[in-house]
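Here's the structure, in structure tokens; my notes come after.
The values are calculated or read from the model by the stated rules, or taken from the named source; none is laboratory data. Everything quoted here is computed from the prediction, not taken from an experiment. Heads up, the Cβs are rebuilt from the backbone with ideal geometry, glycines too, and the neighbour counts pull from every protein chain shown.
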Amino acid sequence: MSIRARPSFREIQYGWLSYISRVEIPSESECVAIIPARSGSKGVPHKNSRLMRGASLTERAVRVALSSGLFSDVVISTDDPQLLGQKWPLTVRAMPRPPELAGDTVHASQIVLYCLRTDASLENGRYVFMLLPTSPLRTVEQLRQARDLLASGAPSVVAVTMVGKQLNNLRFMDHQGSLHAPFEFDLHEQRQTQEPLWAVTGSVFAAHRDTLLTAETFHVANARGLAVDGTSGLDVNDWQDWSRAEEFIDSETRSRDSG
């Protein structure tokens, strides 16, 4: 199978859909991808359908999923009329989300479970991926690495990025400005004796279908961490994150054009 991992800038800006239509997709695959893309957002209004350098966050999630060659089915769960009415490649479906699952208190994993339990076409997926649109810089290689970890026996895979701090550096601050340690821990333990901390990022969540349906979470015992860098693991939660993502895309475009 011959797959281009990265489309050109012109394909991103003017024809991402035509690019996707040329990617070879397996007729039968063990992997399915579910993209939870609700319309509401407080940090960046309508961020899942808002264009970021020519493609929406949801389009970017679709593009990297199909470019990986892993998925025979990609489902977008959304209540956004724009995404529901948009033309998508053949193996991609926009699935209407019930109003009771469209609120900002509904966890994305609940959407994945709903899709698995109500969409019969997803029954053949052995491995289930949740691709949050808010991680627009995930890579094809990361998706393939996650699939390989599942195939090697990992019950689930969660992308993580290194925090750069140790456990005794962590505090939370109450509304009066007082600091509290979140765990019982020796606050004076030396850095050299502590394991590095990793933070969960939204770029990749994956699990065996049966594991996910039983545990109802990707965060199961013995879940494997997929180490990603801070850029590809960027979660877009506010305008500052949005700007950082655009700056990286611009940098990649300049590098590609100059090469």
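What residue, among those in segment 177-206 that are over 26 Å from Val140 (Cβ atoms) and part of a strand (DSSP E or B), is modelled with the lowest pLDDT? Walk me through how you get there before you give the answer.
Step one: filter segment 177-206 for residues over 26 Å from Val140 (Cβ atoms), giving 177-197.
Imposing the further condition that a residue be part of a strand (DSSP E or B) reduces the set to 179-180.
Details: Leu179: 83, His180: 80.
Applying the filter and picking the extreme gives His180.
Looking at Leu132, Leu149, can you tell me which residue is under 25 Å from Ile249 (Cβ atoms) and modelled with pLDDT of 95 or more?
Numbers: Leu149 fails: under 25 Å from Ile249 (Cβ atoms).
After applying the criteria, what remains is Leu132.
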How do the pairs read when you match residues in segment 146-160 that are farther than 14 Å from Ala221 by Cβ with residues anywhere that are of a type in the set (Ser, Thr, Tyr), using Cβ under 7 Å and keeping only pairs 6 or more apart or on different chains? Arg147/Tyr127; Leu150/Tyr127; Ala159/Thr201; Ala159/Ser203; Val160/Thr201
The lone condition Leu116 fails out of (1) within 15 Å of Asp210 (Cα to Cα); (2) in a strand (DSSP E or B) is (2)
Could you list, in sequence order, all residues of segment 52-94 that are within 19 Å of Ile249 (Cβ to Cβ) and of a type in the set (A, V, I, L, M, F, W, C)? Met52, Ala55, Leu57, Ala61, Val62, Val64, Ala65, Leu66
Kindly establish whether Pro45 is over 24 Å from Thr139 (Cβ atoms) and in a loop (DSSP other than H, G, I, E, B). yes
Kindly evaluate Asp119 against the criterion of being over 19 Å from the mean Cα position of the chain (by Cα) and in contact (Cβ under 8 Å) with a residue 40 or more places away in the chain. yes
Members of segment 225-259 that are in contact (Cβ under 8 Å) with a residue 24 or more places away in the chain, surrounded by fewer than 18 Cβ atoms within 10 Å (Cβ to Cβ) and not in a helix (DSSP H, G or I): Gly225, Ala227, Asp229, Gly230, Thr231, Asn237, Asp238
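What is the residue count in segment 241-256 for residues that are among the polar types (S, T, N, Q) and closer than 21 Å to Asn48 by Cβ?
Of segment 241-256, the ones among the polar types (S, T, N, Q) are 243, 251, 253, 255.
Add one more test, that the residue is closer than 21 Å to Asn48 by Cβ, and what stays is 243.
Of the residues in segment 241-256, 1 are among the polar types (S, T, N, Q) and closer than 21 Å to Asn48 by Cβ.
Condition check ((1) aliphatic (A, V, I, L, M); (2) assigned to a helix (DSSP H, G or I)) across all residues:
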residue: Leu132; (1), (2): yes, no
residue: Gln142; (1), (2): no, yes
residue: Gln145; (1), (2): no, yes
residue: Asp148; (1), (2): no, yes
residue: Ala154; (1), (2): yes, no
residue: Gly164; (1), (2): no, no
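Every residue, every condition in (1) under 21 Å from Val62 (Cβ atoms); (2) buried (at least 20 other Cβ atoms within 10 Å of the Cβ), yes or no:
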{"position": "Ile111", "(1), (2)": "yes, yes"}
{"position": "Cys115", "(1), (2)": "yes, yes"}
{"position": "Thr118", "(1), (2)": "yes, no"}
{"position": "Asn124", "(1), (2)": "yes, no"}
{"position": "Phe129", "(1), (2)": "yes, yes"}
{"position": "Leu137", "(1), (2)": "yes, yes"}
{"position": "Leu143", "(1), (2)": "yes, yes"}
{"position": "Gly153", "(1), (2)": "no, no"}
Please state which one of Thr217, Thr211 is in a helix (DSSP H, G or I), hydroxyl-bearing (Ser, Thr, Tyr) and surrounded by 14 or more Cβ atoms within 10 Å (Cβ to Cβ). Thr211
